[in-house]
Amino acid sequence: FQHYYITNNLRLINMIRKWTKPTLYGSGAFRHFLESRSKLVQEKYCPPLICLNPAMQFYVRTKYEKPPPIQIVKETLKLSDGGIVAFDHFANSKGSKDKDDYIVVISPGLRETTHSVKILTLANSLLVNGFPNVFVLNSRASCSIPMTSKMMTFAWGDGNHLNESVENLESRFPGKKIILVGACLGAMSTIDYLSTEEANRPSIAGAVLHSCNWELKADAMKCSSGINYQLFNKGLVIDTLHRIEKSYTEEERELKEEWYQEKGIDMEYLRKSKSIWDIEERFVAPLIGVSGADEYYQKVSPVNKCHKVKKPVVVINSRDDFMAPFDHYKLPEFVKNPNLVLWSTAAGGHVCFVDGLFPVTNYLDKAVPECAKLMCDFVEDGDDADK
């Protein structure tokens, strides 16, 4: 009994130690601007005790978070290769419009769409905090929109579709600036886009990302090992395989079969995949024309592109993230780019950050809007200085 008592009290003490203020890493003016202006940086993030374990964070947020009452305007975006993606719009017609000169574009993670609770709560928090126009750029072959061209069914860290969404918004809302928000795979796509010359346009203010896989090979190995395999990897593999094969129409099914055959993908072999690495070795690599998963990881990992980013970017990550571990950010390299800021919390898990239980609330729904608003102020101060 004494051993049990001491062990559990030590665990409780270690958990409570996670109730700390976030730490910012960066070397540029934007980091100092955030430290001096952000209220959340001065406050401790204190998740409920039951949520100090990242697995419980994931379970609580997935099972119990409720969607807010929010109206979705369904839109689509026709891409230059013939593909179509859902480009849904949330508009605030009543509340605060402090940031009327800005548009927010959210790129969801692999398993998320406009209708996911995590995306709905984030969009709602941005509207409430003064951003009247929020768009969600969904991945291909999601939201009941069939695949209509031989292109990747998911973004897989490719930001080309993001460039086309930006051009679309520039034509629809001339003169307005755009803030990019991304989670997980959507964050990878955003970094890919921001590392290109196309992103260095006046309309792009910057980006707020969270739970971003930074060094993809190491992240995939971490997700596929130990208890993470049963808790997260297994479900992710099942869901990904389902999305690869799912077809909304007979024409889409035939298109996929023809395309996969052209690329030499063995579907029977693919269905035997046990890990994300297996899927990327057997499906993603041949799909994008690389030799295997290792070359794919090298090609898409943000760690190999972040030095090219020329816009201010905040990356929110927890130090107990089991799918995007903190030590994979390689801080000495990360801080070499003065445009990057890593906002690190002690707890939060992966795309979770539960903040309260009755009802379930979320730290990201406070941190992302605040970072976005401060980014607007930082950009405006820079514009005033230039004038």
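The values are calculated or read from the model by the stated rules, or taken from the named source; none is laboratory data. The shown structure was predicted, so the numbers you read here are calculated from the model rather than taken from an experiment. Note that we place each Cβ from the backbone using ideal geometry, even for glycine, and neighbour counts take in every protein chain shown. Ligands, DNA and RNA are stripped out before the accessible areas are found, and what is left, the full protein with its side chains, is counted by its heavy atoms. Shrake-Rupley method; radii C 1.70, N 1.55, O 1.52, S 1.80 Å.
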Identify the residue in the range 58-73 that is in contact (Cβ under 8 Å) with a residue 24 or more places away in the chain, assigned to a loop (DSSP other than H, G, I, E, B) and not aliphatic (A, V, I, L, M) and, among all such residues, is surrounded by the fewest Cβ atoms within 10 Å (Cβ to Cβ).
LYS66
Of a type in the set (A, V, I, L, M) and not in a helix (DSSP H, G or I): which single residue out of ALA55, ALA123, ALA86 fits that description?
ALA86
Is there a residue in the range 334-346 that is open to solvent by 10 Å² or more (accessible area, probe 1.4 Å), part of a helix (DSSP H, G or I), out of contact with any Pro (no Cβ under 9 Å at 6 or more places or on another chain) and charged (D, E, K, R)?
no
Would you call LYS63 of a type in the set (Lys, Arg), more than 25 Å from THR240 (Cβ to Cβ) and at pLDDT below 95?
no
Taking the condition touching a Gly at 6+ places or on another chain (Cβ under 7 Å) and within 30 Å of GLU245 (Cβ to Cβ), does ALA141 pass?
no
Is it the case, given these coordinates, that PRO286 is assigned to a helix (DSSP H, G or I), of a type outside the set (D, E, K, R) and in contact with a Gly (Cβ under 7 Å, 6 or more places away or on another chain)?
yes
In the range 289-311, how many are under 22 Å from ALA199 (Cβ atoms) and outside any helix (DSSP H, G or I)?
5
For the range 217-234, name all the residues that are touching a Lys or Arg at 6+ places or on another chain (Cβ under 9 Å) and either among the hydrophobic types (A, V, I, L, M, F, W, C) or open to solvent by less than 40 Å² (accessible area, probe 1.4 Å) (or both).
SER224, ASN228, ASN233
Tell me, yes or no, whether the range 326-333 has at least one residue that is open to solvent by less than 10 Å² (accessible area, probe 1.4 Å) and under 30 Å from ALA29 (Cα atoms).
yes
Kindly indicate which of VAL379, VAL314 is in a helix (DSSP H, G or I) and either within 30 Å of PHE131 (Cα to Cα) or open to solvent by 60 Å² or more (accessible area, probe 1.4 Å) (or both).
VAL379
Of the residues in the range 118-145, those that are within 14 Å of PHE90 (Cα to Cα), within 14 Å of the chain's Cα centre (by Cα) and open to solvent by 30 Å² or more (accessible area, probe 1.4 Å) number 0
Residues located in the range 27-52, provided they are aromatic (Phe, Trp, Tyr) and either over 19 Å from PHE322 (Cα atoms) or part of a loop (DSSP other than H, G, I, E, B) (or both)
PHE30, PHE33
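Conditions tested, residue by residue: (1) within 30 Å of VAL335 (Cβ to Cβ); (2) hydroxyl-bearing (Ser, Thr, Tyr); (3) open to solvent by less than 80 Å² (accessible area, probe 1.4 Å).
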position	(1), (2), (3)
VAL237	no, no, yes
LEU255	no, no, yes
GLY264	no, no, yes
LEU270	no, no, yes
ARG282	no, no, yes
PRO286	no, no, yes
VAL290	yes, no, yes
GLN298	yes, no, no
VAL309	yes, no, yes
Is it the case, given these coordinates, that VAL368 is open to solvent by less than 20 Å² (accessible area, probe 1.4 Å), in contact with a strand residue (DSSP E or B) (Cβ under 6 Å, 6 or more places away or on another chain) and not in a helix (DSSP H, G or I)?
no
Which number in (1) free of Cβ contacts under 8 Å to residues at least 12 places away in the same chain; (2) of a type outside the set (Lys, Arg); (3) under 16 Å from LEU216 (Cβ atoms) marks the one condition that PRO325 misses?
(1)
Residue check for LEU216: free of Cβ contacts under 8 Å to residues at least 40 places away in the same chain and either over 18 Å from the mean Cα position of the chain (by Cα) or within 26 Å of ILE265 (Cβ to Cβ) (or both):
no
